[in-house]
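Here's the structure we're looking at; comments come further down.
The values are calculated or read from the model by the stated rules, or taken from the named source; none is laboratory data. Since this is a predicted model, take the numbers as computed values, not measurements. Reconstructed Cβ throughout: ideal geometry from the backbone, glycine too, with neighbour counts over all protein chains shown. Ligands, DNA and RNA are stripped out before the accessible areas are found, and what is left, the full protein with its side chains, is counted by its heavy atoms. Shrake-Rupley method; radii C 1.70, N 1.55, O 1.52, S 1.80 Å.
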Amino acid sequence: MARALTRIAHEIIERNKGIDECILVGIKTRGAFLAKRLAQRIEKIEGKPIRTGELDITLYRDDLTMKHENEQAHVEQVDIEHEVKNQKIILVDDVLYTGRTVRAALDAVMDLGRPGQIQLAVLVDRGHRELPIRADYVGKNVPTSGSERIIVNLQDVDGEDCVIIYKEDEQ
């Protein structure tokens with residue numbers, strides 16, 4: 001995982017010719033922690049910090065099921081303190097699967113302003129896209145069957161760093 005994040009950090013810097021117009025935006029929850037790790041690596045390489053933010057896409061999901069008693073969606077605060085207009089937004093998430101989470105994140109970012117470009121960095125791309133979405137930066141492509149799931153555990157949330165693949169009936 002560490003090696004993949006370091007490679008992605010280098011690719012982000014190279015593709016964008018530096019980080020001056022870039023904002024790393026982690027999709028909560030694990031994407032936010034991965035974005036922080038990427039930001040640390042990028043700062044170490046570039047010698048200056050990259051702007052960051054976090055995005056809760058709950059309200060933007062097309063399969064919204066988590067609601068309060070009053071039937072209103074539960075939404076956490078969007079934490080992007082920077083103007084997104086004309087900036088390169090790099091969305092960060094743990095697993096890319098159907099593309100629906102990314103679609104929701106795109107909608108959320110567009111509500112904040114019109115960025116110059118939006119890129120996507122994921123730790124794991126498992127395939128099975130339902131929408132025409134692809135990642136610009138991928139830590140690892142892991143082809144899976146429809147009955148398999150990928151879980152990314154992070155030290156910050158789960159107490160350990162690991163990627164687990166299992167069949168849905170094994171959990």
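Decide, for region 1-56, between rounded, prolate and oblate: order the square roots of the alpha carbon gyration tensor eigenvalues as a ≥ b ≥ c, take rounded if a/c falls under 1.5, and otherwise choose prolate if a/b is larger than b/c, else oblate.
Numbers: a/c = 1.89, a/b = 1.30, b/c = 1.45.
Since a/c reaches 1.5 but b/c is at least a/b, the shape of region 1-56 is classed as oblate.
Rg and Dmax of region 79-171, based on Cα coordinates, read 14.9, 46 Å. For the chain, modelled as a GNM whose springs connect Cα atoms under 10 angstrom apart, the maximal fluctuation among Val84, Val157, Val102 occurs at Val157. Against the empirical 2.2 N^0.38 Å (N residues), the chain has a Cα radius of gyration ratio of 1.03.
What FRET efficiency, computed as 1/(1 + (r/R0)^6) with R0 = 30 Å and r the Cβ-Cβ distance, is obtained for Asp136 and Cys162, rounded to the nearest 0.05? Please report the intermediate quantities before stating the final value.
Working: r = 25 Å, r/R0 = 0.82.
The formula returns an efficiency of 0.75 here.
Using every pair of separate Cα atoms, the Kirkwood estimate puts the hydrodynamic radius of region 78-118 at 10.8 angstrom.
Return the calculated 222 nm mean residue ellipticity for the chain, to the nearest 500 deg cm²/dmol, obtained by summing -39500 (n - 2.57) across DSSP H runs with n ≥ 4 and dividing by the residue count.
On the way: 4 runs with 48 residues, N = 171.
One gets -8500 deg cm²/dmol as the mean residue ellipticity at 222 nm.
Using the 1.4 Å probe convention, the accessible area of region 123-164 works out to 54 Å² per residue with neighbouring protein chains retained. Solvent-accessible area of the chain (1.4 angstrom probe, protein heavy atoms only): carbon and sulfur portion equals 44 percent.
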